[in-house]
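The values are calculated or read from the model by the stated rules, or taken from the named source; none is laboratory data. Everything quoted here is computed from the prediction, not taken from an experiment. No Cβ is skipped: glycine too gets one built from the backbone with ideal geometry, and neighbour counts run over all protein chains shown. Accessible surface areas use protein heavy atoms only, side chains included; no ligands, DNA or RNA. Shrake-Rupley method; radii C 1.70, N 1.55, O 1.52, S 1.80 Å.
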Amino acid sequence: MESAEELVKIDFAHRLSLGLKRLGTAMLDLAYPPVCLACAAPVAVADTLCSACFVQLRPITAPLCPILGLPFAVSMGPDAISAEAMAEPPPFGRARAAVVYGEVPRKIVSKLKYGDRPELARFCAQLMAGAGHALWRDAPVLVPVPLHRARLRERRYNQSAELARALGRLTGLPVATNLVTRSRRTRQQVGLSGTGRARNVAGAFAVDPEAALRLRGRRVVLVDDVYTTGATVKAVSQALRRAKIDNIDVVTFARVVVGDDAPIYETQSFSEHSSDG
Ligand SMILES: [Zn+2]
């Protein structure tokens, strides 16, 4: 227990450090005026998009397929599911994404992936928290799609883990970064067809048996940056199900919507992805 004098000292030191921090932020703003997260145009407030980029974002909202989270052009009733979900029921329960994958999300994700830019993860997580609101009930555990250890060493950064941590802070949900590992190094999903992508990641993930035991009965929400064909999150879901964790949902920042203007296998833009499926 500190004496009154010590408490005053601690309080003073605390306030001094707060003041310095604020001064630091103000100085940084002067030195580096805030810019758009996607295109670097100057903006009034930090950590957001300029209006030109913002209007290009296409949030995914209802009506949507309750399983795959694909947007429907018109409402087809509460029980209507997409043809894709019907043709090939996924090994997870529900997938939700914040925005349709396109030029602006592509820029954001590529910056998120290669730069040490936590404000990007925060921005994406804010949109994901809203898009995934139906998934947060009953305290699920957030599980990022892992990178292979060798790739993590190269990059020093797993963007899915950053998204999961930012989402955890916003929703108050726990994050389990050690439950799933990428046991086999896979080639990048670039330019692979749907079946090629599935084959590439099949059996690439391992689940820690002790962590799985502790989480038995708990729901898991997989976190990734982009949902392309779903090959990656499906492979992770299959690994989790083998470990007897079978209540699985998925949340991503962006999602490719087939039939949308956004090209699916555009090689240049997709060469920036590796963990997308
Ligand atoms: Zn912009």
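Of the heavy-atom accessible surface of segment 96-239 (probe 1.4 angstrom), what whole percent is carbon and sulfur?
That fraction is 49 percent.
Taking the Cα of Arg242, stepping 7 Å toward and past its beta carbon, and measuring to each backbone N in segment 184-210: which are under 19 Å?
Residues passing the 19 Å test: 184-187, 196-210.
Hey, what does the equivalent ellipsoid look like for segment 190-248, semi-axes from the Cα gyration tensor as sqrt of 5 times each eigenvalue, largest first, whole Å?
Taking √(5λ) for each eigenvalue gives 24, 12, 8 Å, largest first.
Under the rule of at least 5 residues apart or a separate chain, name every residue whose amide H is placed under 5 Å from the amide H of Phe205.
Residues meeting the amide H criterion: Ser183.
Tell me which residues come under 5 Å, amide H to amide H, from Val99 once H is placed; ignore anything under 5 positions away on its chain.
Ile60, Ala254, Arg255
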